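We did not get these values from a lab; they are worked out from the coordinates using the rules stated. As the structure is a computational prediction, the values presented were derived from the model and not from experiment. Here the Cβ positions follow ideal geometry from the backbone for every residue, glycine too, while neighbour counts run over all protein chains shown.
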Amino acid sequence: MAEIRTFCSIRPREDMADKIAALPYDVYSRQEARELTRGDMNTFLRIDRPETQFPEDYDMYAKEVYEKAVEMFKEMCDDGRYERDEKPSYYIYQLTMNGRQQNGIVACAAIDDYCNNVIKKHENTREDKEQDRIRHVDYMSAQTGPIFLAYRSDKVIKDIVNEVILNKPLYDFTSEDGITHKVWRIDGEEEQNNIHAAFANMASIYIADGHHRCASAVKVGIKRRGQHPDYDGTEEFNYFLSVLFPDDELKILPYNRVVTDLNGYSKEDFIKEIEKEFEVVKQKEAVQPKAKGTFGMYVEGDWYLLTAKEEILSDDPVDGLDVSILQDNILNPVLGIKEPRTDKRIDFIGGIRGLSELEKRCGEDMKVAFSMYPTSIEELFAVADAGRLMPPKSTWFEPKLRSGIFIHEI
């Protein structure tokens, strides 16, 4: 059973929400973050990436950097750009992209549920990537970027959400990328009790996006437990900030691949090699795969449709993923990319950037591109339920949650 509880959020003043809300810290390179924060005193990216306030060669992990984040956030609270809710609540965070809505419950999830695998993972985390966010949460004594969780759709929760969103929202703004963001508060006792009970009846909840932020928040909570051996489990450090979405409202985009070379093959020999496991048909237009087991390939100005032969398909939750089929039958044996997580010859391009980005990269620094059919949310659940891990870069969720709209103090 999952413990998903209300909290007292620190939130932007209504007229500041659109100015403060920022894409997640890890969307940007250091240089991109520096450029985006230059001269903007409101964007939350300044607090999420406080190294932007120091010289370019400054150690981004120095304690002064994290202390600067604390200082800037305190300024925003002191001058009224942020306000604190006095009553614990759930919130609804609605994102609308290209006419499609998804409604998330903003709440706090229990670190024990993460440790006990009630909240299930599908990716490994890297210690070096965790350390930055561990320091950020610890210095701030707050979680600032919500973890994107998913659950199997529940009628009780959906009915409450549909009723609440008929009211005037706390926030209603459209960000520069065209995504509309709306927020409502759920503070009725009956609604809160019903939402709490609905989540408590769920055997599993799944991390969709934010594995490193989640692991970092949990590790800070465990550290705080060590500092407070008399803790009773109700303290805020036992919980982490989350937005929970029903599976039937989520959309996963493909995560495409580009490779620098053909591993010594000519184009003709390369195609002959992959024809051993795939049907290869030349196309007149760019290929966005329409079904599982099919792939687009762009090489030397031509597009091809690849269809996996029956003998390389699998019912295994991991081996049967399209990203695994490509890795196990082309990227590794033909192109020699054995470890895609670390190999410098491969890059990954989110589906939000379109097929033209694949053509562009092949005209610049890459030789061959593969367009993917997106992993489904059901496949993600199946991998997590089996206690397995997905290959790297298997899922690309859109739209992205904004940081800085909800702050959970610990």
Problem - the stretch 364-394: trypsin sites (Lys or Arg not before Pro) falling in loop per DSSP and having at most 16 other Cβ within 10 Å - result: Arg388
Fill in the blank from the handout: Tilt, helix 63-78 to longest principal axis of the chain (alpha-carbon atoms), in degrees rounded to tens, equals 50 degrees
Practice task
Between the alpha-carbon centers of the stretch 32-94 and the stretch 175-195, tell me the distance in whole angstrom.
Solution key: 23 Å
Exercise for the section: Please give the FRET efficiency for Glu378 paired with Glu83, using the beta carbon to beta carbon distance and R0 = 35 Å, rounded to the nearest 0.05. Expected result: 0.30
Fill in the blank from the handout: Honestly the stretch 317-383 on the Cα gyration tensor test (a ≥ b ≥ c root eigenvalues; a/c under 1.5 rounded, otherwise a/b vs b/c for prolate or oblate) is just oblate
Problem - Length released on extending from Ile312 to Asp187, taking residue separation times 0.36 nm less the Cα-Cα span - result: 39.8 nm
Exercise for the section: Would you calculate the separation in nanometres between label points at Asp365 and Glu339, each defined as 7 Å from the Cα along the Cα-to-beta-carbon direction? Expected result: 2.1 nm
Handout entry: Percent of beta bridges antiparallel (DSSP, the stretch 118-258, rounded to nearest 5)
Key = 50 percent
Handout entry: For the stretch 212-229, 3J(HN,Hα) per residue [Karplus equation, 6.51 cos²θ - 1.76 cosθ + 1.60, θ = phi - 60°, Hz, x = Gly/Pro]
Key = 6, 4, 5, 4, 5, 4, 5, 5, 5, x, 5, 4, 5, 4, x, 7, 10, x
Problem - For the stretch 255-373: rounded, prolate or oblate by the Cα gyration tensor [a/c cutoff 1.5] - result: rounded
Exercise for the section: Describe numerically, in nm with one decimal, the distance between label points set 7 Å from Cα along Cα→Cβ at Lys168 and at Val156. Expected result: 3.2 nm
Exercise for the section: Taking a cut-off of 20 Å between Cα atoms, list the lysines near Lys276, but don't count ones fewer than 8 places away on the same chain. Expected result: Lys267, Lys292, Lys309, Lys338
Exercise for the section: Would you mind telling me the antiparallel percentage of the DSSP bridges in the chain, rounded to 5? Expected result: 90 percent
Exercise for the section: With r as the distance between the Cβ atoms of Glu56 and Lys292 and R0 = 56 Å, compute the FRET efficiency 1/(1 + (r/R0)^6) and round to 0.05. Expected result: 0.80
Fill in the blank from the handout: Put in order of increasing Cβ neighbours within 10 Å, starting from the fewest, Ser9, Ser356, Ser141 give Ser356, Ser141, Ser9
Problem - Fewest-first ranking of Thr96, Thr52, using other Cβ atoms within 10 Å as the exposure measure - result: Thr96, Thr52
Exercise for the section: Using a cut-off of under 18 Å, list every residue of the stretch 85-109 whose amide N is near the label point 7 Å from the Cα of Asn194 along the Cα-to-beta-carbon line. Expected result: 89-93, 103-106
Practice task
Using a 10 Å cut-off on Cβ atoms, rank the peptides 294-307, 63-76 from the highest mean neighbour count down.
Solution key: 294-307, 63-76
Exercise for the section: Counting other beta carbons within 10 Å of each Cβ, put Ile165, Ile407 in order, fewest first. Expected result: Ile165, Ile407
